[in-house]
Structures are given as structure tokens and as C-alpha cells.
Amino acid sequence: MWLDHVTVCGYYLAINERKRVMNILEHIISELHLRRGEWKAIAKESGVPYFTIAKISQGVTKNPRWQTVEALQGALEKSKQAA
């Protein structure tokens, strides 16, 4: 049935997968709020522009591309391990 799927970034995802993606995004936003002074370094490490990070953190960009989410997640994890 089509009601158990949603479209995210042009892909069909099951509801459970969408919830997992949203949990990851919520975690990234939370980390960005905590590490606001590090956004320039996170932008450099992830390859995601500073202003895109700001828009995601502020909720202006509500549905970033999956590649952006992955890049931010990787950069945040890497910088956390280095600390």
C-alpha cells in the first residue's frame, strides 16, 4: 500500500526508515547547536557550506539532501573522536 512509504530526496522510504533518518537529522541539529562555535571547522571537514549548516541548524532547511546529512554526521563523529 502506498501509505506506508514516503518520498525523501526523491527516494521512497518505508515509514520506519524515514523515522531513522529523522532521528539522525535531529541528532545532527542537536550537535550543531552544542557546537556552534565550531561550524567553520565542521564546514571545512564535511565540505558542507557554512551557511547550509546554519540553515539546517535554524530549521530553514527542513529536508537536507542525504549526502549533506552523511557528510555532517561523518565530520561531527570525526571531530568528536579527535577531542
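Condition test on residue 48, is it without any contact (Cβ under 8 Å) to a residue 60 or more places away in the chain and outside any helix (DSSP H, G or I)? Even if it seems obvious, please write down each step before you answer.
Values: without any contact (Cβ under 8 Å) to a residue 60 or more places away in the chain: yes; outside any helix (DSSP H, G or I): yes.
Considered against the rule, which asks whether it is without any contact (Cβ under 8 Å) to a residue 60 or more places away in the chain and outside any helix (DSSP H, G or I), residue 48 comes out as yes.
Entry remark, region 1-50: residues being exposed (fewer than 11 other Cβ atoms within 10 Å of the Cβ), in contact with a helix residue (DSSP H, G or I) (Cβ under 8 Å, 6 or more places away or on another chain) and modelled with pLDDT of 85 or more number 2 in total.
Among the residues of region 53-83, which ones are assigned to a helix (DSSP H, G or I) and crowded, with 18+ Cβ neighbours inside 10 Å? Across region 53-83, the qualifying residues are 53, 56, 57, 68, 69, 71, 72, 75, 76. The C-beta contact set for region 60-83 (first residue under 15 Å from residue 43 (Cβ atoms) and of a type in the set (Val, Ile, Thr), second residue at pLDDT 95 or above and crowded, with 18+ Cβ neighbours inside 10 Å, distance under 6 angstrom, 6+ apart or interchain) comprises 68/48. Within region 51-83, track down each residue that is at pLDDT 90 or above, over 15 Å from residue 22 (Cα atoms) and hydrophobic (A, V, I, L, M, F, W, C). Result: 51, 53, 54, 60, 71, 75, 76.
The values are calculated or read from the model by the stated rules, or taken from the named source; none is laboratory data. Predicted model, so just to flag it, every value in this text is computed and none were measured. We place every Cβ from the backbone using ideal geometry, glycine too, and count neighbours over all the protein chains shown.
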